[in-house]
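Read-outs throughout are calculated quantities, based only on the coordinates presented, and are distinct from any laboratory measurement. None of the values given here were measured: they were computed from a predicted structure. Here the Cβ is made from the backbone with ideal geometry for all residues, glycine too, and neighbour counts use every protein chain on show.
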Amino acid sequence: MFTTVFTHCFNASHQLPYLRGERGGLHGHTWQAAFTVVAGSLDEHGRLLDEAAFAARMTTFIDARLANATLLGHRDPFAPIMDGHGKKLFLFGGDYDGAAWPTAGAVALLLAHHAHGWLTETADRADLHLASVTIAPSGANPTTWHNPAHALVPAPRPIPASALAA
């Protein structure tokens, strides 16, 4: 089994108004995202995948949509105010409907959704999978999404004895 981890950091603010205290109000983080890609074999070039293509797609999406943005839930009372003032905004439950609020887990799920799409576009190998996405807001309390299908990655085929004798 081969594994590659891609990382990317970005700054963004968010709030979870249903929480009491500091964490419920608008605050910022440096979010570190780590994408783990696995495969049972290397490609014909001896690589797990085209790392540059995957990294470019990952970075382009994050920088365009999340970096230096305010991440809010679509029901957040700040959403119309921020939008009305032309601020860079990403709405969970709106721009992304897989989660209602911008928690670390929701950001991991959003990025897993996109990373899976990027892998599908950039690789044509059945044994290549996104194994996990970990999000660490400001380096603390990381949250990891694990791909349940990752366990289904086929084992590499054994090398025939005739090839070993050569």
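Which loop-located GluC sites (Glu not before Pro) does the range 1-88 contain, where loop means any DSSP state but H, G, I, E or B and the Cβ has at most 13 other Cβ atoms within 10 Å?
E44
Can you compute 3J(HN,Hα) from phi for each residue in the range 101-111, using the Karplus curve 6.51 cos²θ - 1.76 cosθ + 1.60 with θ = phi - 60°, rounded to whole Hz and x for Gly and Pro?
The phi angles translate into 9, x, 7, 4, x, 5, 5, 4, 5, 4, 5 Hz.
Taking a quarter of the surface of the Cα convex hull of the range 47-93, what do you get in nm²?
Value for the range 47-93: 4.0 nm².
At most 16 other Cβ atoms within 10 Å and a DSSP loop assignment: could you name the trypsin sites (Lys or Arg not before Pro) in the range 31-94 that fit?
In loop regions of the range 31-94 (DSSP not H, G, I, E or B), the sparsely surrounded trypsin sites (Lys or Arg not before Pro) are R47, R75, K87, K88.
Once the other residues with Cβ under 10 Å from the Cβ of L49 are scored (Lys, Arg +1; Asp, Glu -1), what is the net sum?
Details: positive: R47, R125; negative: D43, D50, E51.
Local charge sum for L49: -1.
Based on the alpha-carbon gyration tensor of the range 68-137, what equivalent-ellipsoid semi-axes (square roots of 5 times the eigenvalues) come out, in whole Å, largest first?
Its equivalent ellipsoid spans semi-axes of 29, 12, 10 Å.
Tell me which residues come under 5 Å, amide H to amide H, from D43 once H is placed; ignore anything under 5 positions away on its chain.
Residues meeting the amide H criterion: L48.
Just to confirm a number: summing +1 for Lys and Arg and -1 for Asp and Glu over residues other than T122 whose beta-carbon lies under 14 angstrom from that of T122, what do you get?
Net local charge, T122 excluded: -2.
When the Cα atoms of the chain are enclosed in a convex hull and the volume is divided per residue, what value in Å³ results?
120
Would you please name the chymotrypsin sites (Phe, Trp or Tyr not before Pro) within the range 6-55 that are DSSP coil residues with at most 12 other C-beta atoms within 10 Å of their C-beta?
Y18
Normalising by the residue count of the chain, find the relative contact order in percent from Cα pairs under 8 Å and 6+ residues apart. Intermediate results must be reported in sequence, preceding the final value.
Details: 291 pairs, mean separation 43.2, N = 166.
Across the chain, relative contact order equals 26 percent.
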